[in-house]
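Derivation of every value follows stated rules applied to the coordinates shown; laboratory data play no part. Remember, it's a predicted structure, so these values are computed and weren't measured experimentally. Here the Cβ positions follow ideal geometry from the backbone for every residue, glycine too, while neighbour counts run over all protein chains shown.
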Amino acid sequence: MIKVFVNGNQGTTGLKIFDRLNAREDIELLTIDEEYRKDAKACAEVMDTADIAFLCLPDAAAKEAVESVSSKTLKIIDTSTAHRTNPDWAYGFAELSKEHRHAIETSNRIAVPGCHASGFISLVYPLVKAGIIPADYPITCHSLTGFSGGGKKMIAQYRSEEKGEALFAPRQYGISQSHKHLPEMQKVCSLSMPPIFCPIVDDYYCGMEVTVPLFTHLLKKKVSVSDVNEILASHYENSKLIKVVPADEDGFLSANKLADKDNMEICATGNDERILLVSRFDNLGKGASGAALQCFNIACGIDETSGLSL
């Protein structure tokens, strides 16, 4: 039995991880009395008795939790932003390369990617690696997400009987271009500058659609829509969770298509002059708890899809 502690299991991501692990027979879930839930010292003592600990905490609290443990063998899987660009931590996106997967398998410190960042990186990383997108390409990214991505406070706002009129329409945010996912989007994809990033939250619970447009005349090589789909399909050909699929036949791309799932679908559409790269997944699945559990499975040497919904 693998001893696991979820530090911060009352938030949206933490609660989902806890509930999903609780349904498994290969795991012993460690818990802490409610009165000590926010006591860093008490949580550290429980973490030191675990094999693996999930951190589902604000950034500052996650850093404090890491510093407070004394166990030398404890594996920590952090779902916060705190360690995603830290070179001492494995970046938890196994499908990017053999090196990324190996790091997750062997590291005691794993940072789970951000939800918006997961969609962006799934599209851009393979094309940078293949020598298609130059490092200095002026990338723009739009990302549409359900309101569950905003956590308990935002969920309560959208579900309130007194919901304001503005919440019935899509709302763009991060307009200062300082969104917390930008550093990992730039670093992981080896870009010389961060993209212009336009995240949008809308009046539906979960599901995410990340879009990156490309002008082909600005790319390193002349490619068609078909070429790009083939490059992406080749990159993810052995993936159990990411598939390259055709665009929906009706000409619409629904952001909640993979709601309650842990897999991801990507495609290239548009035309040979202006290509649209699109990644769709659940912001609570492959964008949060599903990604964390995939990292857990890989780190434990078991089937990476164990306990996931595909």
Study note, to complete from the structure: Cross-link reach from residue 63 to lysines, straight Cα distance under 24 Å and at least 8 residues apart if same chain, gives 3, 16, 38, 41, 72, 75, 152, 153, 180, 187, 286
Practice item. Select from the chain the helices, each a whole stretch of DSSP H, whose alpha-carbon atoms run 18 Å or more along the helix axis and whose Kyte-Doolittle mean is at least -1.0; answer none if there are none. Key: 115-129
Review point. Between residue 271 and residue 41, what length comes free when the chain is fully extended (0.36 nm per residue of separation minus the Cα-Cα distance, one decimal in nm)?
Key: 77.1 nm
Exercise for review: Residues in the stretch 206-247, backbone N under 20 Å from the label point at residue 98 (7 Å along the Cα-to-beta-carbon vector): list them, ranges by number please.
Suggested key: 231-242
Check your understanding: Gap in Å between the Cα centre of the stretch 1-71 and the Cα centre of the stretch 139-161?
Key -> 25 Å
Review point. Helix-derived [θ] at 222 nm for the chain: sum -39500 (n - 2.57) over DSSP H runs of at least 4, divide by residue count, nearest 500?
Key: -8500 deg cm²/dmol
Study note, to complete from the structure: Here the relative contact order (percent) of the stretch 1-142, from C-alpha pairs under 8 Å and at least 6 apart, is 18 percent
Check your understanding: Given labels modelled 7 Å from the Cα in the Cβ direction, how far is it in nm from residue 215 to residue 166?
Key -> 3.4 nm
Practice item. Could you work out the local net charge near residue 58, counting Lys and Arg as +1, Asp and Glu as -1, over the other residues with Cβ closer than 15 Å to its Cβ? Key: +3
Practice item. Any chance you could run the full-extension gain for residue 226 through residue 108? It's 0.36 nm times the residue separation minus the Cα-Cα distance, nm to one decimal. Key: 38.5 nm
Revision key, fill the gap. In the list [x] 5, 21, 21, 13, 10, 9, 9, 8, 4, 0; [y] 6, 25, 29, 21, 13, 5, 0; [z] 6, 28, 34, 23, 8, 1, 0, the entry giving P(r) over Cα pairs in 10 Å bins from 0, in percent computed from the coordinates is [z]
Point to revise | Exposure rule at most 15 other beta-carbon atoms within 10 Å, DSSP loop GluC sites (Glu not before Pro): the chain longest free segment | key: 26-160
Review point. For the chain, what is the relative contact order in percent, using Cα pairs closer than 8 Å and at least 6 residues apart in sequence?
Key: 18 percent
